[in-house]
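Report on the structure given below.
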There are 4 protein chains.
Amino acid sequence: MAGSIFGTIFQISTWGESHGKGVGVTVDGCPAGLPLSESDIQQWLDRRKPGQSKFTTQRKEADQAEILSGVFEGKTTGTPIAIMVRNTDQRSRDYSEIASYYRPGHADYTFDRKYGFRDYRGGGRSSGRETIGRVAGGAVAMQLLKAVGIDLFAYTKEIGGIQADPEKFSREAIMENAVYMPDMDEAKKAEEFLEQCMKEQDSAGGIIECVIRNVPAGLGDPVFEKLDAKLAAAVFSIGAVKGFEVGDGFAAARARGSENNDSFCINNIKKTNHAGGILGGISDGSDIVFRAAIKPTPSISAVQETVNRDGEEISISIKGRHDPVIVPRAVVVVEAMAALTMADALLMGMGSRVDMVKEVYSR
Amino acid sequence: MAGSIFGTIFQISTWGESHGKGVGVTVDGCPAGLPLSESDIQQWLDRRKPGQSKFTTQRKEADQAEILSGVFEGKTTGTPIAIMVRNTDQRSRDYSEIASYYRPGHADYTFDRKYGFRDYRGGGRSSGRETIGRVAGGAVAMQLLKAVGIDLFAYTKEIGGIQADPEKFSREAIMENAVYMPDMDEAKKAEEFLEQCMKEQDSAGGIIECVIRNVPAGLGDPVFEKLDAKLAAAVFSIGAVKGFEVGDGFAAARARGSENNDSFCINNIKKTNHAGGILGGISDGSDIVFRAAIKPTPSISAVQETVNRDGEEISISIKGRHDPVIVPRAVVVVEAMAALTMADALLMGMGSRVDMVKEVYSR
Amino acid sequence: MAGSIFGTIFQISTWGESHGKGVGVTVDGCPAGLPLSESDIQQWLDRRKPGQSKFTTQRKEADQAEILSGVFEGKTTGTPIAIMVRNTDQRSRDYSEIASYYRPGHADYTFDRKYGFRDYRGGGRSSGRETIGRVAGGAVAMQLLKAVGIDLFAYTKEIGGIQADPEKFSREAIMENAVYMPDMDEAKKAEEFLEQCMKEQDSAGGIIECVIRNVPAGLGDPVFEKLDAKLAAAVFSIGAVKGFEVGDGFAAARARGSENNDSFCINNIKKTNHAGGILGGISDGSDIVFRAAIKPTPSISAVQETVNRDGEEISISIKGRHDPVIVPRAVVVVEAMAALTMADALLMGMGSRVDMVKEVYSR
Amino acid sequence: MAGSIFGTIFQISTWGESHGKGVGVTVDGCPAGLPLSESDIQQWLDRRKPGQSKFTTQRKEADQAEILSGVFEGKTTGTPIAIMVRNTDQRSRDYSEIASYYRPGHADYTFDRKYGFRDYRGGGRSSGRETIGRVAGGAVAMQLLKAVGIDLFAYTKEIGGIQADPEKFSREAIMENAVYMPDMDEAKKAEEFLEQCMKEQDSAGGIIECVIRNVPAGLGDPVFEKLDAKLAAAVFSIGAVKGFEVGDGFAAARARGSENNDSFCINNIKKTNHAGGILGGISDGSDIVFRAAIKPTPSISAVQETVNRDGEEISISIKGRHDPVIVPRAVVVVEAMAALTMADALLMGMGSRVDMVKEVYSR
């Protein structure tokens, strides 16, 4: 419980720093018999890989996944699946400057306070490269969700205030623009906005939306282990997330009960889905819909004020390879965290009724 | 991990239903030697007790806390602190109607899907009475926070779109109006709005803000156990919460990096606090600030459409004792969940450096 | 994780001290739909209740179980089952003496070192009364085991070196003698031995054996969560346990591989069961058999040397109500801990194969 | 909680199979600032490496540890420490025979029943190679224990009934004989006995004893998280362990209270240590002493009866590289599991008193 382990039955344990030997994940508790290959994982890693567009860092990393254990004859064995990605582009450069001060918006200062010192090379453990472990683990979770028919995907809902229009939603569009928006027109505007940000040596934030379809009703537990509470923790554990909402979210706080309640109708389908697919912390069978607010990249080349380790005030300008926006690359990370949460909820929920327990053990 | 246990070292385990014999909590892992009496707990329970204003259910409950174990000679002993509140006003009424259908916005349907049946009396375990256990446990956590100098409080930021004005913030005002707003003028408007809601047989939602002061830097863990992720899960586990944000939250998604970054200055105080006191998941020593969006009470007396257990569409009008808004009563529940999270983070964070470990064991 | 919570899905949280208001347990994670009444619990509590024979303390306690939550219309609801037993015979006596020194073989000294002080009345949390919570929780677990056809029982194998003869094993005999031995002849000898101990103001220990039948093959997990490791922890958590062994146990350390290996035969039944029903930490479908070594009761009236809180050496003679042997009363506690472990293993093991997951969620 | 994660704050997550790409461990929760190098780990791995004596498998493995993360400038950073050992001697051989039947005393059958199939090459995850992860993780834990002055070591107490004589105990001797006994004379007899076993195509078991010195009083928690219960689980999770006892263990079951109680004396040192350093589940400051019973190696070349996957009875003779006794190589594994347990107990115990919490946070 020191930070790098996630989940209760379907558990991942991640490791690795930006400029260490590599990054990786061990998945424990994945059911046996699930088809899994390195390419199943690679396709997810490729979506977060740097260098995919002009809006991502130009650091060159192959981010090639190697499965080290837990798969035999193309299927998971039920034992830990270790996956490793070697770091290749650890530029040998002089870190003495970055080591000496605290970058605004980064974890430099808090790591020093917590641990007494830090691996300052490229942000160390607090670097975005840490998410490789999540995404590789999430790729395994996705295979499990697929096996039970659950469809999970995310996309950029908004960048710098420019919102994808729900009326023009196209799932295919998501993969066809550099910002992963489901609306080509707004995506184009967002790209123009980002180019402007880059010119101004500034950065932008945005909102990611995630949709989970074909979820069995009954997942999640009452009180502290509500499915939305677990999704909240999962998504809020991603570095730059500052807000999380389910269904109508903050807008629900301004609605009346008569507007916000979703009527049930025949076949237990709800007429509306203001709740976002979860009632009382338990999935109701409708689409689960949530959004995450992502702050603007804190690394900007514009001049900023800060202090150094000696407590002196200084002016800095952060050089190096940084994304003007991390929203597009974070889309697959949100998917990964949601998939991990859902996979665990599936396994945790199997024994909620005594008849289910009897059935499984009478086979 | 079936829902009713929260925390890792400072752990609570809650129990009880709306119309069962009572509700309660067991606190395990509280350090020994902390002063604790029943009145320390009662003062927090009294703030969530029904019948405090016209905006809360008129159910009559004494909500009297009884400490059953774990306190000796006025101090915690380090062993489990069991606290019980007997239910007294379980009106004997006919529940056959409510048992037969699914109330929109409630957990009736999802409990039936998960468990096969439900204790339908007053919502059973999904009733707001469940929060008594949290608040009693939170009261113990508050004693621990107080012992290390942490100051934690929450208030109503907004009801039905009416916002407390930050310029007119008064901490004293919070306890002086029925809606727990830190601004008497807006509180009055909110009360008028709620009266209108009641006349229209409707309900309202709102936003609660929580501030935590004097937090030592270094609490929380990187990656999955970020302090904000834990607060998110804690607060999202409260029944009606639909959104959660830290610092600037969703507004950060629309800001530029140059605006959103907080510059460090002398004594490591930040010039601004857009981050809300947490960087990289670890407390930075500034005030922690977060907000929770609360949906409108789903129980309204206006006519609604739904289905019954036989799958037939019906019209219903919910009678009984319900709050037109749960925001004011939820304030203390938000405080409790935040206090529990902080208490656990304090205990989890003691061994982050080897010199701290050596120091404690060389005494 | 401060001591009083046990299990991962099927979890219990216990509380209470010897001379506080009562003792109790909350069971979380019990599947819904299991028949449960207070008498289902009471029959187990009655077996550990004081005053059942001349070999147990003459303290008078009704030990009456009250179910406070989690049961509706005679069945578990899936939500926490709180069970409480009020202490009734808390004699008002002078504890100043016992408060001042450390009883040999007891936890007085270690509690003081850990917590700085202790509830010294009757041993406080380290009293045997603490096991009431375990037994009540175990009674609920037993209901689940019964539902899937598992048969679990324990008995006294040995007291003061007097062993029940396996050749004369009679399950009926167990409940027909004061020491719960499955062999009436040796039981008689054990009783005579205990009477002699009492005359000599001394106490005795013994060995409890537990057998679990009709266990599905496949329970338990490799590496750290082996079923025998979990049983070991569960049983070793009982106050006076000093040893634990599975199958041939310590005798296996002296056997040859050719003797100790169990050959598989048709229908995957093993010809022998030296392994005690567990291979590689996973149940193999044979009977699970384990033994626990119980130390002699540390409270004896014979004179003993010790130190007081001021560090002075003194001589003491412990008065009061104490069992000359705790083995018979511990039998039901061993059963309870084994049942809790097996119930949790059943729920944890449901998702070990992807086809099981698909099956449960395609219903 | 699917088996390969151990600990609460000081946590390890292990992975790897006998004939996969490698084996490894990730240590999370290790305090920052602890000196750690690959050679600190290698020295422990070398003690369990095959080929060290004629009594161990002749498989050739360098078992070279590579630290992949979590160490910076020679010290732990507080973030996950990933350690990997590549498998090098995975002989390409025909596994079709071993895949077809169930070896007596092994986990082949139970893995098939749990997971539906298994990685049968060299035992897969149930191979002794799995312990490399434990030992590497244990090496890190040992560094932490050393930092607070705790001294932990184990040795072979008995092989095939031949016992090291406590009167002739020599700590230096342990590393000077092939069976790691603290008594050169009995070690010689044990070696002769093992040679006889090998000639007879048979195998032997034995008993390992572990001693932990300079343990602070107050570690471990009451009720379910007793220090001895945690050590029991830790040690019982090692593949071939069939029994575990603390202090006098099973012999205590045959002693009288007057014999078994340890009198406290001046300076709170006990006159005797029948209890093995733990009272009421909490360390008392004396040496912690426990023993583990190890069964004879199940892989023997003598002919055995078993069944194949088709349920037919067959005779087999297991060829290949196997240890006639695993006790000597298991010594370091017992040390590793004990060290991991103690490291976690140290970190978990820091907040047992409110004054300790205040002290740490007032720095």
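Going by what's in this entry, would residue A:10 be described as open to solvent by 20 Å² or more (accessible area, probe 1.4 Å), modelled with pLDDT of 95 or more and closer than 19 Å to residue D:12 by Cβ? Answer is no for this residue. So residue C:83 fits all but one of (1) without any contact (Cβ under 8 Å) to a residue 40 or more places away in the chain; (2) buried (at least 24 other Cβ atoms within 10 Å of the Cβ); (3) out of contact with any Phe, Trp or Tyr (no Cβ under 7 Å at 6 or more places or on another chain); what number is the exception? Unmet for residue C:83, out of (1) without any contact (Cβ under 8 Å) to a residue 40 or more places away in the chain; (2) buried (at least 24 other Cβ atoms within 10 Å of the Cβ); (3) out of contact with any Phe, Trp or Tyr (no Cβ under 7 Å at 6 or more places or on another chain): (1). Taking (1) of a type in the set (A, V, I, L, M); (2) within 30 Å of residue D:109 (Cα to Cα); (3) open to solvent by less than 10 Å² (accessible area, probe 1.4 Å) in turn, residue D:350 satisfies each apart from (2).
Please go through the range B:196-210 and pick out each residue that is outside any helix (DSSP H, G or I), charged (D, E, K, R) and open to solvent by 70 Å² or more (accessible area, probe 1.4 Å). B:200 - this is the single residue of the range B:196-210 that is outside any helix (DSSP H, G or I), charged (D, E, K, R) and open to solvent by 70 Å² or more (accessible area, probe 1.4 Å).
A quick yes/no check of all residues on (1) of a type in the set (Gly, Ala, Ser); (2) open to solvent by less than 40 Å² (accessible area, probe 1.4 Å); (3) modelled with pLDDT under 95:
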position: B:160; (1), (2), (3): yes, yes, yes
position: B:165; (1), (2), (3): no, no, no
position: B:173; (1), (2), (3): yes, yes, no
position: B:212; (1), (2), (3): no, yes, no
position: B:219; (1), (2), (3): no, yes, no
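Among the residues of the range A:69-81, none qualifies, meaning not one is under 19 Å from the mean Cα position of the chain (by Cα) and among the aliphatic types (A, V, I, L, M). Check the range A:61-72 and report whether any residue there is more than 30 Å from residue C:218 (Cα to Cα), touching a residue at least 12 places away in the same chain (Cβ under 8 Å) and touching a Pro at 6+ places or on another chain (Cβ under 9 Å). Taking every residue of the range A:61-72 in turn, at least one turns out to be more than 30 Å from residue C:218 (Cα to Cα), touching a residue at least 12 places away in the same chain (Cβ under 8 Å) and touching a Pro at 6+ places or on another chain (Cβ under 9 Å). Say whether the condition of being crowded, with 23+ Cβ neighbours inside 10 Å, at pLDDT 95 or above, under 21 Å from residue C:161 (Cβ atoms) and more than 10 Å from every other protein chain (Cβ to nearest Cβ) is met by at least one residue in the range C:286-306. Within the range C:286-306, not a single residue is crowded, with 23+ Cβ neighbours inside 10 Å, at pLDDT 95 or above, under 21 Å from residue C:161 (Cβ atoms) and more than 10 Å from every other protein chain (Cβ to nearest Cβ). Among the conditions (1) hydroxyl-bearing (Ser, Thr, Tyr); (2) touching a residue at least 40 places away in the same chain (Cβ under 8 Å); (3) touching a strand residue (DSSP E or B) at 6+ places or on another chain (Cβ under 6 Å), the only one that residue C:115 does not satisfy is (2). Within the range D:338-363, the residues that satisfy the criterion of being away from chain B (no Cβ under 14 Å) and touching a Leu at 6+ places or on another chain (Cβ under 8 Å) are D:338, D:339, D:341. Within the set A:247, A:257, the sole residue that is out of contact with any Phe, Trp or Tyr (no Cβ under 7 Å at 6 or more places or on another chain) and free of Cβ contacts under 8 Å to residues at least 12 places away in the same chain turns out to be A:257. Checked against the criterion of being more than 22 Å from the chain's Cα centre (by Cα), of a type in the set (A, V, I, L, M, F, W, C) and assigned to a helix (DSSP H, G or I), the candidates D:111, D:193 yield just one match: D:193. Here are the criteria: (1) open to solvent by less than 10 Å² (accessible area, probe 1.4 Å); (2) facing chain C (nearest Cβ under 8 Å). Tell me which single one residue D:311 does not satisfy. Every condition holds for residue D:311 apart from (1). Consider residue A:253 carefully, then state whether it is part of a helix (DSSP H, G or I), open to solvent by less than 10 Å² (accessible area, probe 1.4 Å), more than 14 Å from residue A:292 (Cα to Cα) and at the interface with chain B (Cβ under 7 Å from one of its Cβ atoms). So residue A:253 passes the test. If the condition is being more than 7 Å from every other protein chain (Cβ to nearest Cβ), open to solvent by less than 20 Å² (accessible area, probe 1.4 Å) and either free of Cβ contacts under 8 Å to residues at least 12 places away in the same chain or not small (Gly, Ala, Ser) (or both), then the range B:271-285 contributes only B:278. Screening C:233, C:178 for residues that are open to solvent by 10 Å² or more (accessible area, probe 1.4 Å), part of a loop (DSSP other than H, G, I, E, B) and of a type outside the set (Phe, Trp, Tyr) leaves exactly one candidate, C:178. Residue check: residue A:264 meets all listed conditions (1) in contact (Cβ under 8 Å) with a residue 24 or more places away in the chain; (2) at the interface with another protein chain (Cβ under 8 Å from one of its Cβ atoms) but one, namely (1). Only a single criterion out of (1) of a type in the set (Asp, Glu); (2) crowded, with 18+ Cβ neighbours inside 10 Å; (3) not in a helix (DSSP H, G or I) is not satisfied by residue B:89, namely (2). Residues in the range B:109-123 that are more than 8 Å from chain A (Cβ to nearest Cβ), out of contact with any Ser or Thr (no Cβ under 6 Å at 6 or more places or on another chain) and either of a type in the set (S, T, N, Q) or crowded, with 24+ Cβ neighbours inside 10 Å (or both): B:118 alone.
Evaluated against (1) over 30 Å from residue B:32 (Cβ atoms); (2) in contact with a Phe, Trp or Tyr (Cβ under 7 Å, 6 or more places away or on another chain); (3) facing chain C (nearest Cβ under 8 Å), residue D:209 falls short on exactly one condition, (3). Exactly one residue out of B:5, B:67 is within 13 Å of chain C (Cβ to nearest Cβ), under 25 Å from residue A:225 (Cα atoms) and open to solvent by 10 Å² or more (accessible area, probe 1.4 Å): that is B:5.
Inside the range D:131-149, residues that are open to solvent by 10 Å² or more (accessible area, probe 1.4 Å) and in contact (Cβ under 8 Å) with a residue 60 or more places away in the chain make up a count of 6.
Of the set (1) touching a strand residue (DSSP E or B) at 6+ places or on another chain (Cβ under 7 Å); (2) closer than 24 Å to residue A:70 by Cβ; (3) surrounded by fewer than 24 Cβ atoms within 10 Å (Cβ to Cβ); (4) more than 9 Å from every other protein chain (Cβ to nearest Cβ), all apply to residue D:42 but (2).
Listed conditions (1) surrounded by fewer than 24 Cβ atoms within 10 Å (Cβ to Cβ); (2) over 30 Å from residue C:255 (Cα atoms) are all met by residue D:318, apart from (2).
Table: residues versus (1) within 17 Å of the chain's Cα centre (by Cα); (2) surrounded by fewer than 24 Cβ atoms within 10 Å (Cβ to Cβ); (3) more than 15 Å from residue A:332 (Cβ to Cβ); (4) at pLDDT 95 or above.
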{"residue": "A:24", "(1), (2), (3), (4)": "yes, no, yes, yes"}
{"residue": "A:29", "(1), (2), (3), (4)": "no, no, yes, yes"}
{"residue": "A:38", "(1), (2), (3), (4)": "no, yes, yes, yes"}
{"residue": "A:47", "(1), (2), (3), (4)": "yes, yes, no, no"}
{"residue": "A:53", "(1), (2), (3), (4)": "no, yes, no, no"}
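The values are calculated or read from the model by the stated rules, or taken from the named source; none is laboratory data. Remember, it's a predicted structure, so these values are computed and weren't measured experimentally. Note that each Cβ is placed from the backbone with ideal geometry, even for glycine, and that neighbours are counted across all protein chains shown. The area values use the complete protein model at the heavy-atom level, side chains included, leaving out ligands, DNA and RNA. Shrake-Rupley method; radii C 1.70, N 1.55, O 1.52, S 1.80 Å.
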